[in-house]
Amino acid sequence: MVKRPWVRRLVDHPQLWMWLPYLGESNRPWLREELGRIRPAWVPSSAGREGHWEVARSHLWTLVDALAIKFGTVDVYLEFSRRSQCDERCQSANPATVYDCVCACLGENHGGAASWKSWRPVGESTLVSRERAMSHFIIGRGEVPSRLLSQ
């Protein structure tokens with residue numbers, strides 16, 4: 001059985017991590033074809049960590065869409081920092097960019113949704129919470145909204 005490709009966005013890492021099944025001589029040409037002029041970096045396995053590619057975070061949804069089209073489904077892991085502050089910038093953000101939110105609310109307050117839930121106001125516009133959380137999505141062909149691909 002072939003393992004499903006995955007993409008991981010970590011809060012403290014400036015790059016996306018991703019893995020896909022081996023496509024022959026190298027996966028690099030496919031990545032460049034799908035993402036344009038990029039410099040994907042291969043990070044070999046080490047210390048119990050699986051080898052993976054690293055690409056710029058701005059390619060998140062284009063990459064997820066391309067992987068879903070090629071392989072049928074892709075695992076997407078989005079880490080959120082519950083220790084960072086969430087404030088009116090998140091609450092007044094464009095709701096279409098909810099998956100790009102990395103703050104403490106896990107996208108819950110993004111665009112004004114559920115801003116009252118599980119939060120303690122600290123000042124006029126800041127909300128505080130703690131911890132980190134990883135959200136896992138399985139995205140299939142055609143499931144990435146076009147509004148996310150145009151960003």
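The values are calculated or read from the model by the stated rules, or taken from the named source; none is laboratory data. Since this is a predicted model, take the numbers as computed values, not measurements. Don't worry about glycine lacking a Cβ; one is built from the backbone with ideal geometry, like all the others, and counts go over all protein chains shown.
Residues in region 24-50 that are of a type in the set (A, V, I, L, M) and touching a Lys or Arg at 6+ places or on another chain (Cβ under 9 Å) were compared, and the one that is nearest to residue 66 (Cα to Cα) is 38. Counted as qualifying within region 5-84 are the strands (runs of 3 or more DSSP E) with 2 or more residues that are modelled with pLDDT under 90, namely 73-81. For region 87-96, the criterion of being polar (S, T, N, Q), modelled with pLDDT of 90 or more and part of a helix (DSSP H, G or I) is met by no residue.
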